[in-house]
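One structure below.
The values are calculated or read from the model by the stated rules, or taken from the named source; none is laboratory data. Note that the structure is predicted; figures quoted are calculated from it, not measured. Glycine gets a Cβ as well: all are built from the backbone with ideal geometry, and neighbour counts include every protein chain shown.
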Amino acid sequence: MAKKLRMGMVGGGQGAFIGAIHRYAAALDGQIELMCGAFSSNPQRAIDSGKELGIESNRNYQSFEKMFEEESKLPADQRMDFVAIVTPNHMHYPVAAAALSAGFHVICDKPATLDLAQAKLLKQQVQETGLLFGLTHTYTGYPMVKEARAIVKSGQLGALRKVVVEYTQGWLAQAETEDNKQAVWRTNPETSGLSGCMGDIGSHAANLAEYISGERIEEISAELTTFVPNRMLDDDGVALIHLSNGLKGILHASQVAVGEENNLSIRLYGEKGGLEWHQQEPNTLEVKWLDEPTQIFRTGGNHSPAAAINTRTPMGHPEGYLEAFANIYRHFGDAVHHYKKHGQSDKSSFDYPTIDDGVHGMAIIETLVQSSNSDQKWHKVST
């Protein structure tokens with residue numbers, strides 16, 4: 001068995017949300033160990049956070065710059081193998097760029113960067129260094145999402161015609177308060193980027209539609225809205241989308257849909273059949289046919305190899321968000337192991353989102369905003 005990979009982390013300290021999710025996911029399969037970190041931009045909070053996580057004092061850093069400097073000095077069998085970036089969006093690019101320059105692979109919370117220009121620069125650096133970059137578009141990790149993708153790839157649905165994807169939440173229905181750290185940075189363009197709701201959750205919906213369908217969003221006609229007074233970024237949006245090979249669709253996202261929790265859903269229709277999946281009921285996939293009864297696929301059943309590989313428990317034992325997140329880490333970890341053994345790693349052999357997904361995702365976000373601000377009906381997604 002290969003030795004455990006050594007992970008470092010930037011961000012995710014006291015008061016953070018997504019850092020703990022990354023740590024749980026990375027640890028789930030017992031193949032990745034958190035060894036070091038710079039857990040906050042506040043030096044004292046960084047050190048206090050590391051102590052709470054049991055990080056050794058000599059590898060509990062006050063800044064990511066110091067972490068990369070000191071980890072680079074350690075022998076290859078002791079230094080971290082990759083870094084997880086779990087900061088607000090505005091820090092994704094500077095931390096990732098510094099990590100790649102220091103020779104470390106990167107896995108990063110989405111979106112990849114603050115804007116498209118940074119994403120392009122980051123892609124160039126990934127290509128120049130030959131190092132790995134993974135992006136945690138979590139929802140592609142679910143077994144029934146893998147099953148849906150396999151069904152589409154098999155051609156059973158026929159030529160694809162329509163996709164309807166939505167992601168609705170209600171947690172930002174009221175004005176954010178200073179004590180709600182997660183709301184404050186997500187509604188601030190300096191830390192979140194030029195889009196709020198669409199950048200935060202609409203990007204997940206767009207990525208899911210592309211992942212399952214195998215097609216790319218090429219044109220957008222969007223309307224973004226800010227319902228809460230004095231909020232600086234959109235908190236709701238809807239778009240018509242044109243994807244490759246004639247697939248058309250609707251993309252809807254809202255963080256002011258009162259009563260909604262985390263309602264990511266997708267419906268995809270072809271000439272012979274369709275499918276439907278809901279993130280809040282992730283272990284069920286409905287497959288619908290033109291002239292046959294609807295089929296119900298369940299996580300753990302004897303389905304496609306991709307679904308089976310990404311399932312950990314017997315049928316009837318629900319798998320959810322953490323397991324899906326862990327699948328991203330497992331596939332990225334497999335790629336890192338392959339890189340360590342062979343000096344390179346072919347992304348096509350490993351199922352995780354890459355810098356290409358990051359660049360395209362940023363292009364979609366910017367096009368959504370451009371379209372909403374324009375009287376022109378259709379805007380091309382250009383990277």
Go through the range 133-246 and tell me which helices (runs of 4 or more DSSP H), entirely inside it, have 3 or more residues that are buried (at least 23 other Cβ atoms within 10 Å of the Cβ). 143-154, 203-213
Considering every residue within the range 312-322, establish whether at least one is of a type outside the set (Val, Ile, Thr) and closer than 23 Å to Leu116 by Cβ. no
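Residue-wise test of (1) in the same structural domain as His331 (by TED's automatic domain parsing); (2) under 27 Å from Pro189 (Cα atoms); (3) at pLDDT below 95; (4) not small (Gly, Ala, Ser).
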position: Ala16; (1), (2), (3), (4): yes, yes, yes, no
position: His22; (1), (2), (3), (4): yes, yes, no, yes
position: Ser40; (1), (2), (3), (4): yes, yes, no, no
position: Lys51; (1), (2), (3), (4): yes, no, no, yes
position: Asn58; (1), (2), (3), (4): yes, no, no, yes
position: Glu69; (1), (2), (3), (4): yes, no, no, yes
position: Arg79; (1), (2), (3), (4): yes, no, no, yes
position: Val83; (1), (2), (3), (4): yes, yes, no, yes
Output for Cβ contacts, cut-off 6 Å, separation at least six or different chains, first residue within 14 Å of Gly199 (Cβ to Cβ) in the range 364-383, second of a type in the set (D, E, K, R), reads Ser372/Glu223
If you go through the range 94-114, how many residues are among the hydrophobic types (A, V, I, L, M, F, W, C) and crowded, with 24+ Cβ neighbours inside 10 Å? 6
Those residues that are under 21 Å from Ala159 (Cα atoms), part of a strand (DSSP E or B) and not basic (Lys, Arg), I need them from the range 283-306; list them, please. Leu285, Glu286, Val287, Trp289, Gln295
Of residues in the range 1-12 being more than 19 Å from Asn180 (Cα to Cα) and touching a residue at least 24 places away in the same chain (Cβ under 8 Å), the one surrounded by the most Cβ atoms within 10 Å (Cβ to Cβ): Val10
Among the residues of the range 325-383, which ones are assigned to a helix (DSSP H, G or I) and of a type in the set (Val, Ile, Thr)? Ile328, Val336, Ile355, Val359, Ile364, Ile365, Thr367, Val369
The conditions are (1) crowded, with 17+ Cβ neighbours inside 10 Å; (2) hydroxyl-bearing (Ser, Thr, Tyr); (3) without any contact (Cβ under 8 Å) to a residue 60 or more places away in the chain, and Tyr321 fails exactly one of them. Which is it? (3)
Hey, among the residues in the range 332-350 that are at pLDDT below 95 and of a type in the set (Ser, Thr, Tyr), which one's surrounded by the most Cβ atoms within 10 Å (Cβ to Cβ)? Ser345
For the range 247-261, which residues satisfy the criterion of being surrounded by fewer than 21 Cβ atoms within 10 Å (Cβ to Cβ) and in a strand (DSSP E or B)? Lys248, Ile250, His252
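Residues are listed down the side, and each one gets a yes or a no for (1) surrounded by 18 or more Cβ atoms within 10 Å (Cβ to Cβ); (2) among the small types (Gly, Ala, Ser); (3) without any contact (Cβ under 8 Å) to a residue 24 or more places away in the chain:
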| residue | (1), (2), (3) |
| --- | --- |
| Asn263 | no, no, no |
| Arg267 | yes, no, no |
| His278 | no, no, yes |
| Glu281 | no, no, yes |
| Thr284 | no, no, no |
| Leu290 | no, no, yes |
| Pro293 | no, no, yes |
Looking at the range 13-29, I want the residues that are in contact (Cβ under 8 Å) with a residue 40 or more places away in the chain and surrounded by fewer than 16 Cβ atoms within 10 Å (Cβ to Cβ) and have a partner that is of a type in the set (S, T, N, Q) and in a helix (DSSP H, G or I) with Cβ atoms under 8 Å, at least 6 apart or on another chain. Which pairs are those? Phe17/Gln182
Tell me which residues, restricted to the range 56-113, are acidic (Asp, Glu), under 20 Å from Tyr339 (Cα atoms) and in contact with a strand residue (DSSP E or B) (Cβ under 8 Å, 6 or more places away or on another chain). Glu71, Asp81
